[in-house]
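Visitor: Dumping the structure here so I can ask a few things about it.
The values are calculated or read from the model by the stated rules, or taken from the named source; none is laboratory data. These numbers were taken from a predicted model, which means no experiment stands behind them. Backbone-built Cβ (ideal geometry, glycine too); neighbour counts: all protein chains shown.
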Ligand code: NAP
């Protein structure tokens, strides 16, 4: 890659850079410019360099790259010393921890060379210094920040980027000012605090007796106070302005914390700590699988690592054939209800305790949004969340956009809820949410006086508060639980009775939960009404298990001979129970036990025993009530006696995948007789079928359905692309194995 690379300052950073280039054979010659003879001898003995000298001008002669890694305060003198030897085509870069002062040093000492100067900072290090600590793999999977100046030639930046990448690093570019601010906050401030804390305690009393009582927490917190004092002294002074600003910010936060302790203000204290807790989880999730996640996750952090794996890993499921499904299980909570428990809990007066909360990424985004609006939320911890409600008018203006992740439900419901606030908000989401339509909700809300701007119909959505909302009677053009919910939530803030008229029944979780929180909701045929200005009262809520998740296990127990499975606390909201009706029509042995009410939602335990199913013609009126459950129902049909015919389900072709085609192709590849139509299919059931390899098409329900299919297969079924399963149903494979399936998860 290079003819000659010169490294000036052969300490930890420079020595590691030289060693990494030598190890990878990226330059014909690596030479060092040193201050002490001893360092040169060490560098040569360790094999990190080919030659070196204390004559810096001599060292840099004919070098195509010069990397300067001396203390930032020494940079200018070093630049001056090496200048006479620099070639006209050289690229000069550095490893200094502060960038503004390095750039100033270059401007002072090397004005003619500025287009060839690429300031940089490897975010890597150790508590040890000197060439003896150098390590050729130090930069692997670490970040390097480059801060090219206005004058820097793009080709020079590209060359240095390629060099760092060849050393295994990830390269980011930003301005020097931004670098110095960000580093002051995330690196320099923590070091300053660690040094200060240890010193403060060490100065107590005559001896250091206090440390006899310090344990693991103290050691972890103060690890970085073992860093090189001279280097850090240098950094604090070199980055003085940004370090002072960060220290002031922290001092302010600390003073506030102190005040809340003094006043025993437990709500504010919990607010700080729960926010910090979730922010740290977020940080750990972001840094998972990078060089910065060397800390073993403790129990608190396992939830986060599950999240981060969700978005990154895309495992293959290999499911061995056969098996019997037995036992009692509690499946993850319903997502729609998890979202609403946070929203209504936040608007309620008092403390709402939620159990069975689905800790998926979407529901966590809802929690974060309400935290950003000043609501104190503890957890989630093993499905438990405590929401300290602020009342209908207690939300505070967030100081940034509210991020909804991938959750269209959260965004649409919040559009209604936020239309009634006294402050402005902006709602954003991930890339896929940014493409989804929001006007369907915005339009009726505007009729209520809400001021909402979408970006050509899609997020980001801007909502201007402080509007007096007026009640409307809205005839929905098509049934939609999200539109209905948004209008009802806005209706809580309208002066009078807000009414929604549905053309067909849609899910009614919002109405039920409002009632669960003691807010009167009037239902009259296809009309739902709320009167604004009431109050929600905190309650205890156990989120029912999601019947869509339960469907996989219901079908599993139906088709595997000898099975007897009980699914505890499953939501049996009549708008969702088509799966039970269809399976019963096919002859399934399903009993609904222990029916009860939980926060307004009907729940029950569902017991399913094996029974030979019969093929049926699925009644079209049941299709909307089981729309998400068809992939697994097709598996049930493949094992039933006779043929099953589905029609009137064209919607299945435009779900996460074309569920008719994908399931038909997979089942046919196992040897099942399947015929597809535009709006459905015909499946001829059989005693058993073969196995094989199928694609999930990134559709979680397809992946889980084929997993269940293995119970009646004669050979293993391999399902590729199962990453989406973890998002919708965390722990699916483990639960499946727990009840008797045999799923191997391969990376
Ligand atoms: P180090 O191990 O102490 O090495 C510093 C090197 O600079 C030594 O080889 C030293 O030479 C030489 N040096 C010191 N003062 C000098 C002077 N006045 N003139 C000429 N050479 C001088 O330090 P380091 O950790 O490698 O740090 C080097 C640079 O990298 C600093 O700018 C630091 O901010 C930055 N950095 C450090 C870390 C980290 O965690 N350590 C991380 C990222 C960036 P002798 O061996 O002859 O004394």
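Visitor: May I ask you to list the residues in segment 339-357 that are in a strand (DSSP E or B) and surrounded by fewer than 24 Cβ atoms within 10 Å (Cβ to Cβ)?
Guide: Correct list: 349, 351, 353, 355.
Let's see how each residue does on (1) within 31 Å of the chain's Cα centre (by Cα); (2) modelled with pLDDT of 95 or more:
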{"site": "243", "(1), (2)": "yes, yes"}
{"site": "248", "(1), (2)": "yes, yes"}
{"site": "251", "(1), (2)": "yes, yes"}
{"site": "254", "(1), (2)": "yes, yes"}
{"site": "261", "(1), (2)": "no, yes"}
{"site": "270", "(1), (2)": "yes, no"}
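Visitor: Say whether the condition of being within 24 Å of the chain's Cα centre (by Cα), touching a residue at least 40 places away in the same chain (Cβ under 8 Å) and not in a helix (DSSP H, G or I) is met by at least one residue in segment 451-460.
Guide: Yes: one or more hits.
Visitor: Looking only at segment 22-42, which residues are within 13 Å of the ligand (Cβ to nearest atom) and surrounded by 19 or more Cβ atoms within 10 Å (Cβ to Cβ)?
Guide: Matches in segment 22-42: 32, 33, 34, 39, 40, 42.
Visitor: With 141, 128 as the choices, which residue is in the same structural domain as residue 88 (by TED's automatic domain parsing) and more than 11 Å from the ligand (Cβ to nearest atom)?
Guide: 141
Visitor: Follow-up. In segment 652-696, how many are farther than 15 Å from residue 719 by Cβ and part of a loop (DSSP other than H, G, I, E, B)?
Guide: Number satisfying all stated conditions: 10.
Visitor: Looking only at segment 313-338, which residues are at pLDDT below 95, assigned to a loop (DSSP other than H, G, I, E, B) and touching a helix residue (DSSP H, G or I) at 6+ places or on another chain (Cβ under 7 Å)?
Guide: Hits for segment 313-338 are 313, 314, 315, 331, 332.
A quick yes/no check of all residues on (1) within 10 Å of the ligand (Cβ to nearest atom); (2) free of Cβ contacts under 8 Å to residues at least 60 places away in the same chain; (3) under 18 Å from residue 63 (Cα atoms); (4) in the same structural domain as residue 70 (by TED's automatic domain parsing):
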| residue | (1), (2), (3), (4) |
| --- | --- |
| 94 | yes, yes, yes, yes |
| 115 | no, yes, yes, yes |
| 162 | no, no, yes, yes |
| 165 | no, yes, no, yes |
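Visitor: Kindly indicate the residue of segment 583-601 that is modelled with pLDDT of 95 or more and farther than 17 Å from residue 553 by Cα and also surrounded by the most Cβ atoms within 10 Å (Cβ to Cβ) among those meeting that condition. Step through it out loud before you land on a result.
Guide: Let us first name the residues in segment 583-601 that are modelled with pLDDT of 95 or more, namely 583-595.
Then drop every residue that is not farther than 17 Å from residue 553 by Cα, which leaves 585, 594-595.
On the way: 585: 15, 594: 12, 595: 10.
Across segment 583-601, the extreme among qualifying residues is 585.
Visitor: Which one of these does residue 571 not meet: (1) without any contact (Cβ under 8 Å) to a residue 40 or more places away in the chain; (2) touching a helix residue (DSSP H, G or I) at 6+ places or on another chain (Cβ under 9 Å)?
Guide: Tallying (1) without any contact (Cβ under 8 Å) to a residue 40 or more places away in the chain; (2) touching a helix residue (DSSP H, G or I) at 6+ places or on another chain (Cβ under 9 Å), residue 571 fails exactly one: (1).
Visitor: Here's something else I'd like to know. I want to confirm something. Restricting to segment 9-21 and keeping residues that are more than 16 Å from residue 160 (Cα to Cα) and more than 36 Å from the chain's Cα centre (by Cα), which single residue is farthest from the ligand (Cβ to nearest atom)?
Guide: 19
Visitor: Name the one entry in 611, 626 that is more than 30 Å from residue 353 (Cα to Cα) and modelled with pLDDT under 95. Step through it out loud before you land on a result.
Guide: Details: 611 fails: modelled with pLDDT under 95.
When all the criteria are applied, what remains is 626.
Visitor: Name the one entry in 426, 381 that is at pLDDT 95 or above and either surrounded by 14 or more Cβ atoms within 10 Å (Cβ to Cβ) or in the same structural domain as residue 351 (by TED's automatic domain parsing) (or both).
Guide: Exactly one of 426, 381 is at pLDDT 95 or above and either surrounded by 14 or more Cβ atoms within 10 Å (Cβ to Cβ) or in the same structural domain as residue 351 (by TED's automatic domain parsing) (or both), namely 426.
Visitor: Moving on to the next point. Right, residue 58: in the same structural domain as residue 149 (by TED's automatic domain parsing) and away from the ligand (no atom under 12 Å from the Cβ) or not? First the steps, then the outcome.
Guide: Working: in the same structural domain as residue 149 (by TED's automatic domain parsing): yes; away from the ligand (no atom under 12 Å from the Cβ): yes.
So residue 58 fits the description; yes.
Visitor: Name, by its number, the condition in (1) within 15 Å of the ligand (Cβ to nearest atom); (2) touching a residue at least 12 places away in the same chain (Cβ under 8 Å); (3) over 42 Å from the mean Cα position of the chain (by Cα) that does not hold for residue 45.
Guide: (2)
Visitor: Additional query: Does segment 71-92 hold any residues that are more than 8 Å from the ligand (Cβ to nearest atom) and surrounded by fewer than 18 Cβ atoms within 10 Å (Cβ to Cβ), and which are they?
Guide: Residues satisfying the conditions are 80, 83, 84, 87, 88, 89.
Visitor: Now for a different question. For residue 372, state whether it is modelled with pLDDT of 90 or more and assigned by TED's automatic domain parsing to the domain that holds residue 533.
Guide: Considered against the rule, which asks whether it is modelled with pLDDT of 90 or more and assigned by TED's automatic domain parsing to the domain that holds residue 533, residue 372 comes out as yes.
Visitor: Scan (1) away from the ligand (no atom under 14 Å from the Cβ); (2) at pLDDT below 95; (3) in contact with a helix residue (DSSP H, G or I) (Cβ under 8 Å, 6 or more places away or on another chain) for the single condition residue 107 breaks and write down its number.
Guide: All conditions are met except number (2).
Visitor: Scanning segment 389-401 for residues that are in contact with a strand residue (DSSP E or B) (Cβ under 9 Å, 6 or more places away or on another chain) and at pLDDT below 95, which turns out surrounded by the fewest Cβ atoms within 10 Å (Cβ to Cβ)?
Guide: By that ranking, first place goes to 400.
Visitor: Let me ask something else. Take the conditions over 27 Å from the mean Cα position of the chain (by Cα) and touching a residue at least 12 places away in the same chain (Cβ under 8 Å) and apply them to residue 148. Does it pass? Let's see the steps before the verdict.
Guide: Details: over 27 Å from the mean Cα position of the chain (by Cα): yes; touching a residue at least 12 places away in the same chain (Cβ under 8 Å): yes.
For residue 148, the condition - over 27 Å from the mean Cα position of the chain (by Cα) and touching a residue at least 12 places away in the same chain (Cβ under 8 Å) - is met.
Visitor: Which of (1) within 10 Å of the ligand (Cβ to nearest atom); (2) surrounded by 24 or more Cβ atoms within 10 Å (Cβ to Cβ); (3) more than 13 Å from residue 8 (Cβ to Cβ) does residue 68 not meet, given it meets every other one?
Guide: Result: residue 68 passes all but (3).
Visitor: For residue 151, state whether it is in contact with a strand residue (DSSP E or B) (Cβ under 9 Å, 6 or more places away or on another chain) and either assigned to a loop (DSSP other than H, G, I, E, B) or at pLDDT 95 or above (or both).
Guide: Values: in contact with a strand residue (DSSP E or B) (Cβ under 9 Å, 6 or more places away or on another chain): yes; either assigned to a loop (DSSP other than H, G, I, E, B) or at pLDDT 95 or above (or both): yes.
Answer is yes for this residue.
Visitor: If you don't mind, another one. Within 11 Å of the ligand (Cβ to nearest atom), under 37 Å from the mean Cα position of the chain (by Cα) and in contact (Cβ under 8 Å) with a residue 12 or more places away in the chain: is that true of residue 100 in this structure?
Guide: No.
Visitor: Sticking with this structure for a sec: Please count how many residues of segment 543-567 are in a strand (DSSP E or B) and more than 21 Å from residue 726 (Cα to Cα).
Guide: So in segment 543-567, the residues in a strand (DSSP E or B) come out as 545, 564-567.
Checking the rest, the ones that are also more than 21 Å from residue 726 (Cα to Cα) come to 564-566.
Adding up the residues that qualify gives 3.
Visitor: Only one of 211, 218 is surrounded by 11 or more Cβ atoms within 10 Å (Cβ to Cβ), within 34 Å of the chain's Cα centre (by Cα) and not assigned by TED's automatic domain parsing to the domain that holds residue 73. Can you tell me which?
Guide: 218
Visitor: For segment 87-111, name all the residues that are in contact with a strand residue (DSSP E or B) (Cβ under 7 Å, 6 or more places away or on another chain) and either more than 18 Å from residue 153 (Cα to Cα) or in a loop (DSSP other than H, G, I, E, B) (or both). Steps first, answer last, please.
Guide: Here is the first cut: in segment 87-111, the residues in contact with a strand residue (DSSP E or B) (Cβ under 7 Å, 6 or more places away or on another chain) are 90-97, 99, 102, 106, 110.
Hits for segment 87-111 are 90, 95, 96, 97, 99, 110.
Visitor: Can you give me the ranges of the helices (runs of 4 or more DSSP H) entirely in segment 1-69 with at least 2 residues that are over 21 Å from residue 84 (Cβ atoms)?
Guide: Those helices (runs of 4 or more DSSP H) span 12-24, 37-46.
Visitor: Restricting the search to segment 262-281, which residues are surrounded by 12 or more Cβ atoms within 10 Å (Cβ to Cβ) and more than 25 Å from residue 364 (Cβ to Cβ)?
Guide: The one that is surrounded by 12 or more Cβ atoms within 10 Å (Cβ to Cβ) and more than 25 Å from residue 364 (Cβ to Cβ): 265.
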